[in-house]
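Bear in mind these aren't lab numbers, they're just calculated from the coordinates by the rules spelled out. In this text the structure is predicted, and so the values were computed from the model without any measurement. Here the Cβ positions follow ideal geometry from the backbone for every residue, glycine too, while neighbour counts run over all protein chains shown.
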Amino acid sequence: TRAMKAQNQNQFIVCGEAPDVDKAKQIDKSYLQKGDLEIHKIIQGGKGLEVRFTWKNVTYNVEAPLFGIHHGHNLAMAFVAAFELGVSSKDIQAALPSLPQIEHRLEVRKQSGGLTIIDDAYNSNPLGFQAALGLLSQIGTGRKILITPGMVELGKIHDEAHKSIGAYAGQVCDVAIVVKGKRIPTFISAFKETGASKQLHEVESFDEAQKWIAKNKQDGDVVLIENDLPDIYERVPKI
């Protein structure tokens, strides 16, 4: 890749985290060179992301109403791509506050009655699930409520991945509503271990989960909808 970049200098943007960030994560990102796009920090706040990065030895701070730490790299790369196409940094900064959220992918919506929804319905992987729970822990001051059927297409790591994410959910969530819990028993057992004092409810459908929310919601509640795929994906077709 480096050889290809050397032959096409103007067509490549190499992005990664700065050495100080990588050291904290114990990750070696030695491929970064002087002039590359270095991410120094990504901060998730209640109103969106703040990203600090250096490009061609100039440091920038940008903010955008996006949610999910993983979007920090996307934001920095989009900034640099626009900059390299001739858009001024001032104009890019002015456009970022109106950047739309991505539907059903950590989309944060305020609703009437003081309820906040984190819609991550189109997500279905361990890293994304973990990021969503991290965001849930940071948004609002009310109860943290998770609605999920778990993840799909994990193959041999299905049980272990759900055990890991269930343990984290038990630490973060005040209430977990599990749709079709029989398919993710390790999630449920791990949640009960780390969240022994927390509520866990098993339901058969998202409709049932939503009825629980409607009946029991409180001002300030934050509800994470994490993946609605299995409700359709695993339905037995009628021929």
Listed residues ALA64, ALA196, ALA214, most fluctuating in the chain (Gaussian network, C-alpha, under 10 Å): ALA214
Degrees, to the nearest 10: 71-84 long Cα axis against longest axis of the chain: 30 degrees
Cα-projected label distance for LYS34 with ALA78, points at 7 Å along beta-carbon direction, nm: 3.2 nm
Extension gain (nm, one decimal) between GLN9 and SER189, 0.36 nm per residue minus Cα-Cα: 59.6 nm
Distance in nm between pseudo-label sites at GLU153 and SER89 (7 Å out along the Cβ direction from Cα): 3.9 nm
Too-long pairs where the Cα-Cα distance tops 25 Å, listed order kept, from LYS156/LYS211; LYS41/LYS163; LYS47/LYS163; LYS41/LYS90: LYS156/LYS211; LYS41/LYS163; LYS47/LYS163
Top of GLN93, GLN33, GLN218 by mean-square fluctuation, Gaussian network on the chain, Cα under 10 Å: GLN33
The chain, relative contact order [Cα under 8 Å, separation at least 6], %: 17 percent
Cα gyration tensor, segment 81-144 - rounded (a/c under 1.5), prolate or oblate: prolate
LYS41 long-range amide H proximity, modeled H, under 5 Å: ARG52
Sequence-distant aspartates and glutamates (8 or more away, or on other chains) whose Cα lies within less than 13 Å of LYS192: ASP174, GLU202
From the coordinates shown, Cα extents along the principal axes in Å corresponds to which of (i) 48, 45, 35; (ii) 52, 44, 38; (iii) 55, 43, 42: (iii)
Label-point gap, in nm, between ILE43 and ASN61 - each point 7 angstrom along Cα→Cβ: 0.7 nm
Efficiency of FRET from Cβ geometry, LEU99 and SER205, R₀ 30 Å, rounded to 0.05: 0.30
Added length on full extension, which subtracts the Cα-Cα distance from 0.36 nm per residue, GLN218 to ALA196: 5.8 nm
